[in-house]
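Trainee: Can you keep this structure in mind? I'll have questions shortly.
The values are calculated or read from the model by the stated rules, or taken from the named source; none is laboratory data. The shown structure was predicted, so the numbers you read here are calculated from the model rather than taken from an experiment. Here the Cβ positions follow ideal geometry from the backbone for every residue, glycine too, while neighbour counts run over all protein chains shown.
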Amino acid sequence: MNCEELKDAVIRWFGTEIECHSSGDNSLIATLPILKPNGDPIEIGIEPLEGRRWRLSDLGDTHSTLYLADVDLFEEYVRAQEFRQIVDAHRIEETGEELSVKTSSDELVSEMFDFVHAIQSMLALQLTVKPRTPERDFASVVSKFFAEQHASFDIPTEHVEGKTGRWKFNFILNQVREETLVKAISATTRTQALKLAEENVFEIRDVREIRPDVETAVIADDSGSRRAFWQPRVLRIFDGYSIPVFSFESKRSELEQLALKYSLRP
């Protein structure tokens, strides 16, 4: 085999591996034989613009992948700085969660590979993340608080049944009145706090599907530096579904009122 034969073989293989389909309005979605760290192929949206120009998009996948991997892009961490450097170096635009670049017809292919290279560099940031766990057992802290308030509660040994699954609750306030299911959650980053909020709202709503009258509550760990993680936009996720959320430190008086409803004191 000589160099020309090698190049022809590579081109034929690459051509057979690319998948492409229309997404409407003359736009395309190309699935390339270039992989993410998890082994899935990278997809690129290709949208025509005026003047023989094109817009290439990551379809919002990069932000969502990094979010699920707990890569925090909202704080002054090294990984957030590296992400910004990649964005600037490749002249990438951000629209909400979507990343995109614009290019001419003549440079469409070369710009597409440059864009894909940038996406690979961004996704590689997740490989440097070490799972971070809370420095304390927040559920134990809440348990001690309920005990000090003489509230009647159990720590369930089994998950609570929902419509689509079975979910963990940390406490069940009971005996004195109809029970309230309680979740105690603690986060180590803003991204994790947002993720926990979304997950717990889904689980509580799932339980409500089969127990519409059940009372529920969420207690968020806002001690020390953790207070910054529970931003208003995160807490609004609970408010949008009428799920009471108590910040352990800043809403202590409201939390005491909840415990008082289940007090065993005469």
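Trainee: Inspect the stretch 240-253 for any residue being part of a helix (DSSP H, G or I), closer than 24 Å to residue 203 by Cβ and assigned by TED's automatic domain parsing to the domain that holds residue 150 and give the result as yes or no.
Mentor: No, the conditions are met nowhere in the stretch 240-253.
Trainee: Does residue 64 satisfy the condition of being closer than 22 Å to residue 40 by Cβ, assigned by TED's automatic domain parsing to the domain that holds residue 43 and at pLDDT 90 or above? It would help to see each step written out before you state the result.
Mentor: On the way: closer than 22 Å to residue 40 by Cβ: yes; assigned by TED's automatic domain parsing to the domain that holds residue 43: yes; at pLDDT 90 or above: no.
No, not satisfied.
Trainee: Could you list, in sequence order, all residues of the stretch 238-266 that are buried (at least 19 other Cβ atoms within 10 Å of the Cβ) and either hydroxyl-bearing (Ser, Thr, Tyr) or in contact with an Asp or Glu (Cβ under 7 Å, 6 or more places away or on another chain) (or both)?
Mentor: Within the stretch 238-266, 246, 247, 248, 262 meet the criteria.
Trainee: OK, next. Among the listed residues 5, 50, identify the single one that is charged (D, E, K, R) and modelled with pLDDT under 90.
Mentor: So the residue among 5, 50 that is charged (D, E, K, R) and modelled with pLDDT under 90 is 5.
Trainee: Could you grab me the full set of residues in the stretch 20-37 that are free of Cβ contacts under 8 Å to residues at least 24 places away in the same chain and either farther than 20 Å from residue 105 by Cα or exposed (fewer than 10 other Cβ atoms within 10 Å of the Cβ) (or both)?
Mentor: 21, 22, 24, 25, 26, 33, 35
Trainee: Continuing with this model, one more query. Could you grab me the full set of residues in the stretch 166-202 that are closer than 19 Å to residue 213 by Cβ, of a type in the set (A, V, I, L, M) and either outside the structural domain of residue 145 (by TED's automatic domain parsing) or in contact with a Leu (Cβ under 9 Å, 6 or more places away or on another chain) (or both)?
Mentor: Correct list: 172, 173, 176, 181, 182.
Trainee: Considering the stretch 150-183 alone, what residues qualify as being in a loop (DSSP other than H, G, I, E, B) and closer than 20 Å to residue 196 by Cβ? Step through it out loud before you land on a result.
Mentor: Let us first name the residues in the stretch 150-183 that are in a loop (DSSP other than H, G, I, E, B), namely 150, 152, 155-159, 162-165, 168-170, 174-179.
Result: 155, 156, 159, 162, 164, 165, 168, 169, 170.
Every residue, every condition in (1) basic (Lys, Arg); (2) touching an Asp or Glu at 6+ places or on another chain (Cβ under 8 Å), yes or no:
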residue	(1), (2)
155	no, no
158	no, no
167	no, yes
180	no, yes
187	no, yes
191	no, yes
195	yes, yes
199	no, no
204	no, no
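Quick grid of which residues meet (1) of a type in the set (Asp, Glu); (2) modelled with pLDDT of 90 or more; (3) buried (at least 17 other Cβ atoms within 10 Å of the Cβ):
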| position | (1), (2), (3) |
| --- | --- |
| 77 | no, no, no |
| 84 | no, no, no |
| 95 | no, no, no |
| 117 | no, yes, no |
| 152 | no, yes, yes |
| 159 | no, yes, no |
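Trainee: Additional query: Which numbered condition trips up residue 71, out of (1) farther than 22 Å from residue 18 by Cβ; (2) surrounded by 13 or more Cβ atoms within 10 Å (Cβ to Cβ); (3) out of contact with any Leu (no Cβ under 7 Å at 6 or more places or on another chain)?
Mentor: So residue 71 meets the others, but not (3).
Trainee: For residues that are surrounded by 15 or more Cβ atoms within 10 Å (Cβ to Cβ) and without any contact (Cβ under 8 Å) to a residue 24 or more places away in the chain, scanning just the stretch 170-199, find the one that is farthest from residue 259 (Cα to Cα).
Mentor: Once the filter is applied, the top-ranked residue is 196.
Trainee: Return yes when residue 219 is in contact (Cβ under 8 Å) with a residue 40 or more places away in the chain and under 22 Å from residue 152 (Cβ atoms) and no when it is not.
Mentor: When the stated conditions are applied, residue 219 passes them.
Trainee: Then there is this: Considering the stretch 222-237 alone, what residues qualify as being part of a helix (DSSP H, G or I) and surrounded by fewer than 16 Cβ atoms within 10 Å (Cβ to Cβ)?
Mentor: Of everything in the stretch 222-237, those that are part of a helix (DSSP H, G or I) and surrounded by fewer than 16 Cβ atoms within 10 Å (Cβ to Cβ) turn out to be 224, 225, 227, 228, 232, 233, 236.
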